[in-house]
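Step one of this worksheet: look at the structure below.
The values are calculated or read from the model by the stated rules, or taken from the named source; none is laboratory data. Note that the structure is a prediction, hence the values are computed from the model and not measured. Because the Cβ atoms are built from the backbone with ideal geometry, glycine has one as well, and the counts that use them run over all protein chains shown. Quick note on the areas: whole protein, heavy atoms, side chains included, nothing else; ligands and nucleic acids left out. Shrake-Rupley method; radii C 1.70, N 1.55, O 1.52, S 1.80 Å.
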2 protein chains.
Amino acid sequence: MFDRNSALFKALGDEELESLAKHSRLKVLSKHQYLCTQYTDAQYVYIIASGAAVAERVSSDGRRQVLSFIFPGDVIGLTYHHEFSVKSLTPLTSHQFRQNKIAELSEKYSSLSDNLSSIRERVIALMLDQLYLLGQKKAHERVCFLLLHLLKRLPGASVDNIELPMTRLDMADYLGLTVETVSRSITKLKAEGLIETTELHSMAITDLETVTKLADIN
Amino acid sequence: MFDRNSALFKALGDEELESLAKHSRLKVLSKHQYLCTQYTDAQYVYIIASGAAVAERVSSDGRRQVLSFIFPGDVIGLTYHHEFSVKSLTPLTSHQFRQNKIAELSEKYSSLSDNLSSIRERVIALMLDQLYLLGQKKAHERVCFLLLHLLKRLPGASVDNIELPMTRLDMADYLGLTVETVSRSITKLKAEGLIETTELHSMAITDLETVTKLADIN
DNA sequence: CGGGCACTTGAGGACGTTCAAGGAGGGTGG
DNA sequence: CCACCCTCCTTGAACGTCCTCAAGTGCCCG
């Protein structure tokens, strides 16, 4: 039932997995629905089983920051309050747990508790990368970073085929740019022979070394 | 010895505090020294007693992102690897603990463990605000945000006197701007009657409502 | 087939950066 | 104690990157 590749279930024994399974509920969303919304109590923890989503923050004047793209195995709701909304990009399936149940089980099973710690740590590491990106990087560097990020995190992605589950607007709001700038950056990267696009949402990295150099923080 | 106002020591009993004190070492730094540096193992946890510091990430081409300003009561080193360096802005005193000692004690004392969780949560909340700031906000909005942030976090700061412990460059690198833009933004805010500067590093907010409106995310 | 949405492309403009100069404050050595 | 220097800050001018506005294309779905 549960995928041990997920950071939450990693290295858990059968007993732990069964306990978790007992308290989980499958939650299924279609495209463009909200799993949870900004500034409400976080009653549940979700672990994504399939599909893709975004964590976003929207202000009253319409500006929107995509905080993270979310993929299978990712965990949502480990904080007491949601500081963001989570919206599905594709049909989405997730396992829902009561937050206090997770807290309870993590006291009992130290491996679960360790997993939770390492998830939080990874979230922080990702956010630090993104802070650097938004504060310091140029538009085309940001796009390269996103491509490599997706290459790492998207299930089934390979250098010669990255299927983007999000629109250009989602990419723009993640990168702190406009749709037009993202589009132009992609065009430019294509012109320079660094990437190729077979379809609108299918990309290939043809010059991984250069793309990595542009994306990297060092 | 320890200040219960710090998020780490909050609501701890005398026994807990004594156990911690037993395992702590005072670490004193002068101006512009490193408490810890990027990409090294985090052996120690530090809690700031006095002074101010920055958490920063520097790339090989010289670009620098200030990830956070650090003030008394703040805790550093709760992750296994430092993804950043911490540099003192002023003379700095901190209490140093071995990381595994903290982990050990937090298993024993649940209030300590709770404190650690809430610290991590607060760190994430701050970072989310900053992501929105860097991705979406205009220069003068960023400066307003920083002023309010300092008003909340700087010990001794009040609406009519905020003593900035950092240079304009630190502010710029925190806000994803250049020194010149920060300087111009401050000049503009002064001209509009929103703030006043008595000295270079002393500011007063004269129109809190407007500043708040500009800084806010909603 | 038509309409709507997403994407691309172009032109113009704004915001922030870069480059450059000048001023103010603090520390050091004469 | 003053002169000098260095660092930090401000201000100006020119430039560039990215944004805004606008038009046009392609694709999906009804």
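Karplus-based coupling profile of region B:161-172, in residue order and whole Hz: 7, 10, 8, 7, x, 10, 7, 4, 5, 4, 4, 4, with θ = phi - 60° in 6.51 cos²θ - 1.76 cosθ + 1.60 and x standing for Gly or Pro. For region B:115-131, 3J(HN,Hα) computed residue by residue from phi via the Karplus equation (6.51, -1.76, 1.60; θ = phi - 60°) reads 4, 4, 4, 5, 5, 4, 5, 5, 4, 5, 4, 4, 5, 5, 4, 5, 4 Hz, glycine and proline entered as x. Counting Lys and Arg as +1 and Asp and Glu as -1 over every other residue whose Cβ lies under 15 Å from the Cβ of B:Tyr109, the net charge comes to -3. The number of Lys pairs in region A:137-215 with C-alpha atoms less than 18 Å apart, excluding pairs fewer than 8 positions apart on the same chain, is 8.
Each Lys or Arg adds one and each Asp or Glu takes one away; over the other residues whose Cβ falls under 12 Å from the Cβ of A:Ala125, this sums to 0. For the protein assembly as shown, the 222 nm mean residue ellipticity estimated from helices alone, with every DSSP H stretch of n ≥ 4 adding -39500 (n - 2.57) and the total spread over all residues, rounds to -13000 deg cm²/dmol.
Interface area, chains A and B: about 3300 Å² of buried accessible surface, summed, with a 1.4 Å probe and ligands, DNA and RNA left out.
Note on A:Lys22: lysines with a C-alpha under 28 Å away, same-chain residues under 8 apart excluded, are A:Lys10, A:Lys31, A:Lys87, A:Lys101, A:Lys108.
By accessible area, using a 1.4 Å probe on protein heavy atoms only, the protein assembly as shown has 50% of its surface on carbon and sulfur.
Within straight-line reach of A:Lys27, meaning a Cα separation under 19 Å, sit the following aspartates and glutamates at least 8 residues removed in sequence or on another chain: A:Asp3, A:Glu18, A:Asp41, A:Asp74. Rounded to the nearest 20, the Cβ-based charge dipole of region B:14-126 about its Cα centre (Lys and Arg +1, Asp and Glu -1) stands at 520 debye.
For B:Phe84, neighbours were defined as the other residues whose beta-carbon sits under 15 Å from its Cβ, and their charges (Lys and Arg +1, Asp and Glu -1) total -4. Taken per residue, the accessible surface of region A:150-218 reaches 52 Å², heavy atoms only and a 1.4 Å probe.
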